[in-house]
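The values are calculated or read from the model by the stated rules, or taken from the named source; none is laboratory data. Remember, predicted model here, so these are calculated numbers, not experimental data. Note that we place each Cβ from the backbone using ideal geometry, even for glycine, and neighbour counts take in every protein chain shown. Only protein heavy atoms, including side chains, enter the accessible area calculation; ligands, DNA and RNA are left aside. Shrake-Rupley method; radii C 1.70, N 1.55, O 1.52, S 1.80 Å.
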2 protein chains.
Amino acid sequence: MTVEHTITQAPADRYPSRVAQEPSILRRSDPIVYSKWSTDSPLTQEQSSFYERNGYLFLENFFSPAEVEDWKAELKRLQKQYREGEAEHVIREPGSDEVRSIFAVHDHNPVFRGLSAHPKLTAIMEYLLGSKTYIHQSRINFKPGFTGKEFYWHSDFETWHVEDGMPAMRALSCSIALEDNNPYNGPLMVMPGSHNKFVSCVGRTPENHFKQSLRKQEYGVPDQESLTFLAQNYGIDMPVGKAGSVLLFDCNVMHGSASNISPYPRSNVFLVYNSVENRLVRPYSGQQPRPEYIAARGAQ
Amino acid sequence: MTVEHTITQAPADRYPSRVAQEPSILRRSDPIVYSKWSTDSPLTQEQSSFYERNGYLFLENFFSPAEVEDWKAELKRLQKQYREGEAEHVIREPGSDEVRSIFAVHDHNPVFRGLSAHPKLTAIMEYLLGSKTYIHQSRINFKPGFTGKEFYWHSDFETWHVEDGMPAMRALSCSIALEDNNPYNGPLMVMPGSHNKFVSCVGRTPENHFKQSLRKQEYGVPDQESLTFLAQNYGIDMPVGKAGSVLLFDCNVMHGSASNISPYPRSNVFLVYNSVENRLVRPYSGQQPRPEYIAARGAQ
């Protein structure tokens with residue numbers, strides 16, 4: 001039995017990307033919030049509507065300073081551990097040896113496994129995605145001071161769909177700030193409302209390019225004309241706040257971040273929840289799926 | 001007669017940099033505002049005090065939209081002209097051929113020569129520097145959307161002192177915004193109060209490195225420890241506002257800017273005024289001065 005046989009065939013591709021010669025902007029054909037709001041929901045009606053309309057929601061002071069301190073201590077331990085030691089799931093900054101990201105922390109690390117299963121979080125995920133969920137991807141982003149480079153604009157879903165075989169827009173990201181986010185330390189920027197459009201990108205994906213793409217994205221990059229269209233129609237928000245804040249954002253919202261030349265790191269824990277009803281299928285690129293530490297298939 | 005004979009010998013170096021093995025932080029021994037404030041001054045007392053205390057001053061809506069439109073039209077004409085044509089005073093972005101800066105616009109270009117001599121500007125410069133002034137350096141910074149890269153932290157004076165032979169801190173920069181500045185398009189960041197400290201940098205300056213350094217600074221770069229000290233003691237401000245706003249900042253204030261991945265350019269006209277009583281002398285590096293289009297000596 002070859003690996004291919006274990007992968008479910010992909011249904012018709014509603015969001016084709018990296019196949020056409022010209023970029024295009026398609027309409028989203030999936031819901032955004034998959035549950036009907038009630039007074040029992042873990043978000044207020046206002047929060048739920050904000051998320052539906054803008055494709056993101058910023059929850060200030062969601063976790064306590066004491067919780068954040070525990071996670072920061074663990075983060076520092078890992079940063080030290082991997083400063084020297086190489087590991088497949090550890091990605092370094094472009095142009096330096098600083099640790100940029102550590103992947104699959106929900107899998108390898110008991111502290112962050114606990115965080116990913118935190119009932120305050122999973123209740124919200126199950127509400128927004130309308131089902132049980134599992135972690136599709138997790139990582140710590142260090143975004144170190146001085147040397148932290150930009151993350152260019154992208155829709156996560158574009159990559160997860162093409163490279164991992166995620167069929168529908170029924171996943172979301174949760175970024176837990178372990179340091180204060182300020183306008184000056186390269187915070188996440190979001191185009192509110194852009195989750196309603198799918199930017200179909202040009203350029204075929206080379207085999208096994210993922211190692212490089214985690215340092216610097218070169219495929220699945222939206223074209224400047226589409227980005228200008230989105231920015232002019234939706235604007236750019238920059239949600240910032242204290243450590244312990246949580247930013248939720250839809251898998252298809254256009255987002256990115258500038259470089260961080262400030263002395264202050266902008267470390268965060270990044271957890272992607274996918275609906276169990278949105279299992280990964282064969283990647284729409286037709287290529288081999290990316291490894292488990294980038295896109296969990298086994299946990300389904 | 002060789003070029004060296006035309007250059008005034010440097011007085012004792014009160015701000016040594018790029019000579020020691022270790023970085024250090026020295027105290028400023030020059031005034032900041034060189035005139036005594038009176039009701040006739042072109043700044044309010046509050047504005048003058050703000051500048052003295054913080055090393056910068058942001059003047060919102062200083063120029064009218066009509067004036068800005070004229071300058072933008074000229075800027076676009078120049079950008080188009082130099083997109084193809086090479087010229088010594090035109091600097092391109094690191095990693096792309098986009099025009100990053102055009103130098104000496106006060107000299108080569110009638111429109112920007114007029115702007116640099118604008119009475120509303122020169123009155124303020126003469127007040128702050130306590131004498132007649134001249135343009136030490138001018139440039140247009142395009143800071144294009146999508147591809148505009150960061151300017152790392154630096155004190156302008158450190159470079160002008162070491163590489164150009166500017167003896168005292170009696171110069172200031174004036175950045176005129178030709179586009180709206182937002183937190184998301186890589187605006188200038190300033191450490192308010194840092195103009196009171198001089199960060200002495202390590203590393204000798206290679207001969208004729210300036211061509212490269214205008215794309216990406218590699219010498220005269222403050223060390224991370226000093227920057228952390230300054231940020232912790234002074235904080236980081238990010239003055240932003242509409243096109244037509246003017247940012248004045250002392251030659252020694254620590255400043256920089258992050259990359260600009262937004263679709264919106266952050267073009268500005270950058271004029272450096274030096275006191276006629278602060279004429280350039282032999283560069284403190286002991287090397288040949290940089291060319292006239294980067295550091296005007298003839299106009300003294």
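Between the amide H of B:THR133 and those of B:VAL276, distances stay under 5 Å, these residues lying 5 or more places away or on another chain, with hydrogens modeled in the peptide plane.
Against the compact-protein benchmark of 2.2 N^0.38 Å, the Cα-based radius of gyration of the protein assembly as shown scales to 1.06.
With N counted as the residues of the stretch B:72-151, its alpha-carbon radius of gyration over 2.2 N^0.38 Å works out to 1.25. Rounded to the nearest 20, the size of the Cβ-charge dipole of the stretch B:94-180 about its Cα centre is 300 debye, with Lys and Arg at +1 and Asp and Glu at -1.
Modelled label positions at A:LYS80 and B:ALA123, each set 7 Å beyond Cα in the direction of Cβ, lie 6.1 nm from each other. Between A:GLU60 and A:GLU292, the distance separating the two model label sites (each 7 Å from Cα on the Cα→Cβ line) works out to 4.2 nm. Couplings 3J(HN,Hα) of the stretch B:12-29, computed from phi: 3, 8, 7, 10, x, 8, 6, 10, 8, 6, 10, x, 8, 10, 9, 8, 5, 10 Hz, in residue order, whole Hz [Karplus 6.51 cos²θ - 1.76 cosθ + 1.60, θ = phi - 60°; x for Gly and Pro].
Neighbouring Cβ atoms from other chains, within 10 Å of the Cβ of residues in B:183-190, number 4 on average. Rounded to the nearest 500, the helix-only mean residue ellipticity at 222 nm of chain B stands at -6500 deg cm²/dmol, with each DSSP H run of n ≥ 4 adding -39,500 (n - 2.57).
Spatially close Lys pairs in the stretch A:1-121, defined by Cα atoms under 28 Å apart and a spacing of eight or more places or different chains, total 4.
Which Cα, out of B:LEU43, B:SER101, B:PRO144, lies furthest along the positive dipole direction of the stretch B:1-154 (beta carbon charges, K/R +1, D/E -1)? It is B:LEU43.
The ratio of the alpha-carbon radius of gyration of the stretch B:1-123 to the globular-protein estimate 2.2 N^0.38 Å is 1.48. In a reduced charge model with +1 at each Lys and Arg Cβ and -1 at each Asp and Glu Cβ, the protein assembly as shown shows a dipole moment near 200 debye about its Cα centre. Taken along the Cα-to-beta-carbon direction at a fixed 7 Å, the label points for A:GLU277 and A:GLU52 span 1.6 nm.
Leaving out ligands and nucleic acids, note down the accessible area per residue over chain A with a 1.4 angstrom probe, in whole Å².
In whole numbers, chain A has 41 Å² accessible per residue.
What the phi angles of the stretch B:192-200 give under the Karplus curve with 6.51, -1.76 and 1.60, with θ = phi - 60°, is a coupling list of x, x, 5, 5, 7, 10, 10, 8, 7 Hz, glycine and proline written as x. In nanometers and ordered shortest first, the copy-to-copy spacing of the B:ARG204 label point, defined 7 Å from Cα toward Cβ, is 5.4. Label-point spacing for B:PRO11 across the identical copies (point 7 Å from Cα in the Cβ direction), in nm and ascending order: 8.0. Counting only protein heavy atoms, probe 1.4 Å: which residues of the stretch B:234-262 lose 20 Å² or more of accessible surface in the full assembly compared with their chain by itself? Buried-area filter returns B:ILE236, B:MET238, B:ALA258, B:SER259, B:ILE261.
Which helices count as membrane-span-like in chain B under these terms: full DSSP H, at least 18 Å along the axis by C-alpha, Kyte-Doolittle mean of 0.5 or more?
Helices meeting the criterion: none.
Remark on B:ARG100: its backbone amide H falls under 5 Å from those of B:ILE91, B:ARG92, B:GLU93, a criterion applied only to residues 5 or more positions apart or on other chains, H modelled at 1.01 Å from N. Excluding same-chain residues fewer than 8 positions from A:LYS149, which lysines have a Cα within less than 16 Å of its Cα? Cross-link targets: A:LYS216, B:LYS149, B:LYS216.
Peptide A:133-146 has a mean of 1 when you count, residue by residue, the C-beta atoms of other protein chains within 10 Å of its C-beta. Sorted from nearest, the other copies put their A:PRO94 label points 1.2 nm away, the label point being 7 Å from Cα in the direction of Cβ.
Express the carbon and sulfur contribution to the solvent-accessible surface of chain A as a percent, rounded to the nearest whole number, probe 1.4 angstrom.
Of the solvent-accessible surface of chain A, carbon and sulfur hold 51 percent.
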